[in-house]
1. Using a simple spin-label model with points 7 Å from Cα along the Cα→Cβ vector, what separation in nm is obtained for residue 56 and residue 7?
2. With labels modelled as points extended 7 Å from the Cα through the Cβ direction, what inter-label distance (nm, one decimal) is found for residue 49 paired with residue 68?
3. Could you give me the ³J(HN,Hα) list for the stretch 45-51, computed from phi with Karplus coefficients 6.51, -1.76, 1.60 and θ = phi - 60°, whole Hz, x at Gly and Pro?
4. How large is ³J(HN,Hα) for each residue in the stretch 59-71, as worked out from phi by the Karplus curve 6.51 cos²θ - 1.76 cosθ + 1.60 (θ = phi - 60°), to whole Hz, x for Gly and Pro?
5. Enumerate the calculated ³J(HN,Hα) couplings along the stretch 32-43 in order (Karplus 6.51 cos²θ - 1.76 cosθ + 1.60, θ = phi - 60°), each rounded to whole Hz, writing x wherever the residue is Gly or Pro.
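Values quoted throughout were computed directly from the atomic coordinates according to the rules given, and no laboratory measurement underlies them. Model, not experiment: these values are computed from the prediction. With ideal geometry, Cβ positions are generated from the backbone for all residues, glycine too; neighbour counts draw on all protein chains shown.
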Amino acid sequence: QGQLLAKSWSSLFEGQSGAALRGPIYSFNRRNVLTDPLWPRRLAWHGSTPRGGHARRWDCQGWRSSGTAEGMASALGEGRLLAGQRHNCSTA
């Protein structure tokens with residue numbers, strides 16, 4: 001749709017927990033993730049530290065549906081891509 005989400009790829013990860021995201025974010029089936037009720041949690045799963053490094057203990061790698069592992073994810077509505085918190089890897 002031609003809407004700018006960030007000035008550059010690197011600007012997503014610079015500064016205090018990354019850039020504020022701009023505009024809507026669409027799923028592959030063209031639903032607006034920020035407003036559609038199909039996306040109640042609105043999380044971006046990334047497994048990264050606030051500075052963009054790999055959060056080895058919190059990346060859901062090796063996760064199984066019966067497990068209790070946690071991974072780093074950020075709430076898209078907060079506007080900071082890497083300002084994540086730990087969430088159970090089973091969270092939809």
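1. With each label placed 7 Å out from Cα toward Cβ, I get 3.4 nm.
2. Placing both labels 7 Å along Cα→Cβ, they lie 2.7 nm apart.
3. 7, 9, x, 10, 6, x, 9
4. Taking θ as phi minus 60°, the curve returns 10, 6, 5, x, 4, 10, 4, 8, x, 10, 5, 10, x Hz for the stretch 59-71.
5. These are the phi-based 3J(HN,Hα) values: 6, 4, 7, 10, 6, x, 5, 10, x, 8, 6, 10 Hz.
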